[in-house]
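> Here's a structure for you.
The values are calculated or read from the model by the stated rules, or taken from the named source; none is laboratory data. Bear in mind that the values here come from a model prediction, so they are computed numbers and not experimental data. Cβ: placed from backbone, ideal geometry, glycine included. Neighbour counts: every protein chain shown.
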Amino acid sequence: MSFFKELKRRNVIRVGILYLISAWLLLQLTDVLSSLLPVPEWTGSLVIVLLTIGFFPALIFAWVFELTSDGLKRESEIDHSVSLAASAEQRTNTLITVLLIFTIGAVALDRLVPEHADRPESLTEATAVTDKLPVNPDMQTIDEASIAVLPFADLSPQQDQQFFADGISEELLNVLVRVDGLRVASRTSSFGYRNTSLNVSTIGEELKVRHILEGSVRKDEQRIRITAQLIDAGTDKHLWSETYDRELIDVFAIQDEIANSIVGALGDELGLFERPAAVKYVPGTENLDAYEIFLKAQALFFARTRIVESVALYEQAVALDPKFARAWEGLAAAEIIYQEWNNIDSPQYAEATERAEQAAHMAIELNPALSLAYAVLGSLQETEAHDLVKAAKLYDTALKNDSKNATALLWRGMLNLMAGYLDEAIVDISACLEVDPAYLNCMNNLSLAYFSKGDLETGFQLMNNLLQESFWLVPLDAVPFYVDAGNPLVAAAILDTFTLHQRVPTKYFISALQNPGKEDPAGLDRVQEWAEGKPGMEIAVGLYAFLSQRYDEPAVSLAIAHTVWSKYGADYRKSPYFDKYVREFGLLAYWQEKGFPPQCQPAGTDDFHCD
């Protein structure tokens, strides 16, 4: 008897076929369960290895043993004078037939049924379907070519990879924002919807975008699974979704792949803009450890809660990869925030200022196309060197490199507000809010610009919107306007919140506003006594001195930058103290370079006069 006939007689071939079909079905089951249960990412690989190892033992087992009506017996123990092969073959054939039916059914189900019950087969079909669906009327005026990237959910087994999920979302946003014709909601705005219970339609309406990208990240050791889906916010329908299972070393390629899929979906099939040849994500480092630490630092920096830890993490990232320009830029930004939070007379303030400058220069040396690093240098020129000419040029460079840099727009707007160019300030800070509607610091400075311009209605509308979001971000500069408008309790609440609930003597501030020009030495003494030993409260002393027209108090210059052009600064602008302020803080040199603001005129070669 030939070897092949012997294999057939002993049902070895049938067992092999049965094993392969069963293995395929087991792999499908593993794939489904691994997406539902908290199992490691390598579970699928382990099942494949075990099934491969078990294949040959199964064939050997089939050669040695045979299933009979009396149970499992060795081949050598069977009486071959009685034919049992037919019944064994029949049982095996029946089992193979049943499993084949299950296999064909699974393949058909996978091909014919969409991944989501409401997901169309293609974007072309999706467009046809959504065209027939009622669109939220509030979405009708929103630009079709607009998108928001929501923070991806962390589905990792230990739930400790939110920083990584945030990083994926942010990097996708950074790629999409460079696509011409596509408006992308800012990170600050989009990430404000983390863990929200709002539906997609409401989020799209609030962010003024037609499309929402959401997803999840599951990271386990060296494997990563990223799921992303694109949703039409007007109809709440899925337009595109995909799952990416990769080795972690491919994470940058995955971001490219997802971004190009989204751009293709919005560009080619929906026809919202002309699709570029390709969008490319450039991480700035090939060191995955440095990249992960950078993402952790970014998460803390954006949260503005643990700036010192953020600085330390950025330092670790640049230590691992000294050529990581984005990490140097992040370090510069974190240092300048740390500097702003410290007492101006403290050693930490000076050290942070120096480190911020060094980090920003390093970032620009490595990548001159960066934006925020120039803005950091501009802020240092403005606040430390008082060279507003250089500061303005650095802000201009930052915005030339990235016209949607909301921070650079805000800082340039604040410089123009301080210098008296109120219309230019309003343009810049309004652009900041267009880029990032959730950037509340832009809202408070825009309200101050309108207050200074005399448009109290718009100023109060903006400031009241800000009050509904957070008392913490309402500036002291708003206090005079609320007292003058007959809302001293709101003014008192702003003072109390700004001074960290340290029982500021509010009544003196209100009295100074209600009795302009009336000197009250006891009031200044009381406010100074209250501020003694309280870091950062000098600005409150300066505001009181300014309101009570005690312009000789040194702290006045700390408090008036965004109030000096309002009606409350009229007397101050006529005093010799204003002349000193203009020269000391670089305003005159800036006016001479840029041209004088409408409220001021040159007087000779080195003097001026302001209304």
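> Out of the residues in region 209-224 meeting the condition of being of a type outside the set (Gly, Ala, Ser) and at pLDDT 85 or above, tell me which one is farthest from residue 433 (Cα to Cα).
Going through the qualifying residues, I end up with 218.
> Go through the residues of region 156-176 one by one and say whether even a single one is among the aliphatic types (A, V, I, L, M), part of a loop (DSSP other than H, G, I, E, B) and assigned by TED's automatic domain parsing to the domain that holds residue 252.
No - not one qualifying residue is present in region 156-176.
> If you check residue 593 against the conditions, is it more than 38 Å from the chain's Cα centre (by Cα) and modelled with pLDDT of 85 or more?
Considered against the rule, which asks whether it is more than 38 Å from the chain's Cα centre (by Cα) and modelled with pLDDT of 85 or more, residue 593 comes out as no.
> Within region 585-611, which residues are assigned to a helix (DSSP H, G or I) and touching a residue at least 60 places away in the same chain (Cβ under 8 Å)?
Matches in region 585-611: 587, 589, 590, 591, 593, 594.
> Here's a follow-up. Tell me, which residue of region 530-552 that is crowded, with 21+ Cβ neighbours inside 10 Å and outside any helix (DSSP H, G or I) is farthest from the chain's Cα centre (by Cα)?
548
> Could you check region 549-570 and list, in sequence order, the residues that are of a type outside the set (A, V, I, L, M) and free of Cβ contacts under 8 Å to residues at least 40 places away in the same chain?
549, 550, 551, 552, 553, 554, 557, 569
> Specify the residue that is modelled with the lowest pLDDT; the eligible residues are those in region 302-317 that are among the polar types (S, T, N, Q) and under 16 Å from residue 356 (Cα atoms).
Result: 310.
> Still on this structure, I have one more. Given the criterion among the acidic types (Asp, Glu) and either touching a residue at least 60 places away in the same chain (Cβ under 8 Å) or crowded, with 21+ Cβ neighbours inside 10 Å (or both), identify the matching residue among 520, 428, 484, 525.
428
> If a residue has to be in contact (Cβ under 8 Å) with a residue 24 or more places away in the chain, in a helix (DSSP H, G or I) and farther than 22 Å from residue 190 by Cβ to count, how many in region 446-475 make the cut?
9
> Then there's this: May I ask you to say which residue of 320, 331 is crowded, with 24+ Cβ neighbours inside 10 Å and at pLDDT 90 or above?
331
> Looking only at region 209-242, count how many residues are crowded, with 19+ Cβ neighbours inside 10 Å, outside any strand (DSSP E or B) and not hydrophobic (A, V, I, L, M, F, W, C).
3
> Just to be sure before I move on: is residue 194 of a type outside the set (Asp, Glu), assigned to a loop (DSSP other than H, G, I, E, B), modelled with pLDDT of 80 or more and surrounded by fewer than 19 Cβ atoms within 10 Å (Cβ to Cβ) in the structure I sent?
So residue 194 passes the test.
> Where residues in region 136-156 are modelled with pLDDT of 80 or more and β-branched (Val, Ile, Thr), which of them is farthest from residue 173 (Cα to Cα)?
Here the answer is 147.
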